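Just so it is clear, none of the values below were taken in a lab; they were calculated from the coordinates. As the structure is a computational prediction, the values presented were derived from the model and not from experiment. Methodologically, a virtual Cβ is constructed for each residue, glycine included, from the backbone with ideal geometry; neighbour enumeration extends over all protein chains shown.
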Amino acid sequence: MLAREAARAGLVPVVGDADPHGVGLHLGHEGVLLPAAGQAGFAERLLATAVERRCEALVVTVGEELEQLAGREREFADKGVAAWFPAPETVTACLDKWAFARAVEGIPAPGTSLGGPGELPGPWIVKPRRGRGSRDVHAVHDPADFPTLLRRVPEPIVQTLLPGREFTADCLIGRDGTVHAAVPRWRTQVRGGIATRGTTFADPRVDVLVAELTGVLGLTGLVNVQGFLAEDGPARVVEVNPRCSGGLPISLAAGADLVGQYLRLLRGEPVRPEALRWAAGVTTARSFTEHRVTVPVSAAASV
């Protein structure tokens, strides 16, 4: 998706992945194998690869990679590679759900406890303190289920299940904290934590929530906010990801050129506000396509 949008902006994309079967490596543009974010020397290898391939800019889409890169923009800039990473404290607050709950105190959000339900009213959600997608996320309506789930879920946190309808807002926020765009969509169908069907909508309560979170967390760049909206009351946040979302194509289809304008900001160019106008009521559905890929035997054997 990002490679496609970069090409539309007149750039030549180079896609990196730690998986030699990663489909992004095999869609016609240049692909490079990289170490996984958890491996020693990841940041150094990423920078060396960007320099070798003469990349002018770098866009990171994986939270675990941002943990390794936050605060290191200058190293990339010194080598001629423009980069835009969230601040280290922003990454920590977003990826650690217990730290997030403490950081957003005073902003509408579910009650959260660490390791068990404590005094939280139910029903509840049990999820890992760290994780992404819908892995190990369980709704609990019967307190008798807690002993089993708390053993099964790694580093569990417990939250009160919020009423209302679930949404994601794809946002573009400037380095100075200006919210250039916030495009909310209903998460109509979700698979593996990614919205595969959704509809954009407009509600000023989401705008208020995004502005509050930007100030508290120091959000910048492409981020996504997930929360719930009931018929009355404010928009409530569940989590924030300091990266673009897997459901971003829905917002792009609504007319918001989030990627193109992010790339302009990344390269020091001003945003074009007219390119961020979008329409409510746009619905998309995702389909899947298989691609035959050719992978070197040595790389395939290592997977």
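Could you identify which residue out of ALA40, ALA279, ALA254 has the top mean-square fluctuation in a GNM of the chain using Cα springs shorter than 10 Å?
Highest fluctuation among the options: ALA40.
Find the relative contact order for segment 2-86 and round it to a whole percent, using C-alpha pairs within less than 8 Å whose residues are 6+ positions apart.
So the answer I get is 20 percent.
For the chain, what does the relative contact order come out to in percent, with C-alpha contacts under 8 Å and a separation of six or more?
With pairs under 8 Å counted, the relative contact order is 17 percent.
All other residues with a Cβ under 12 Å from the Cβ of VAL153 taken together, and with Lys, Arg as +1 and Asp, Glu as -1, what is their net charge?
+4
First check a/c for segment 2-86, with a ≥ b ≥ c the square roots of the eigenvalues of its C-alpha gyration tensor; if it is under 1.5, answer rounded, and if not, answer prolate when a/b is larger than b/c or oblate otherwise.
oblate
Using only DSSP helix segments of four residues or longer, with each worth -39500 (n - 2.57), what per-residue ellipticity at 222 nm results for the chain after dividing by its residue count and rounding to 500?
-8000 deg cm²/dmol, from helical runs alone.
What does the charge count near VAL179 come to, summing +1 for each Lys or Arg and -1 for each Asp or Glu among other residues with Cβ under 13 Å from its Cβ?
-3
What residues qualify as long-range amide H neighbours of VAL238, i.e. H under 5 Å apart, gap of 5 or more or another chain, H built at 1.01 Å from N?
GLN226, GLY227, PHE228
Could you give me the ³J(HN,Hα) list for segment 84-93, computed from phi with Karplus coefficients 6.51, -1.76, 1.60 and θ = phi - 60°, whole Hz, x at Gly and Pro?
Running phi through 6.51 cos²θ - 1.76 cosθ + 1.60 with θ = phi - 60° gives 9, 10, x, 5, x, 5, 5, 4, 4, 5 Hz.
All other residues with a Cβ under 10 Å from the Cβ of GLY38 taken together, and with Lys, Arg as +1 and Asp, Glu as -1, what is their net charge?
Counting the neighbours of GLY38, the net charge comes to -3.
Of (1) 21.3, 88; (2) 31.9, 108; (3) 19.7, 58, which is the value of Rg and Dmax of the Cα atoms in Å derived from the coordinates here?
It is the one labelled (3).
Among LYS79, LYS127, LYS97, which comes first, then next, by fewest other beta-carbon atoms within 10 Å?
Ordered by Cβ neighbours within 10 Å, fewest first: LYS79, LYS97, LYS127.
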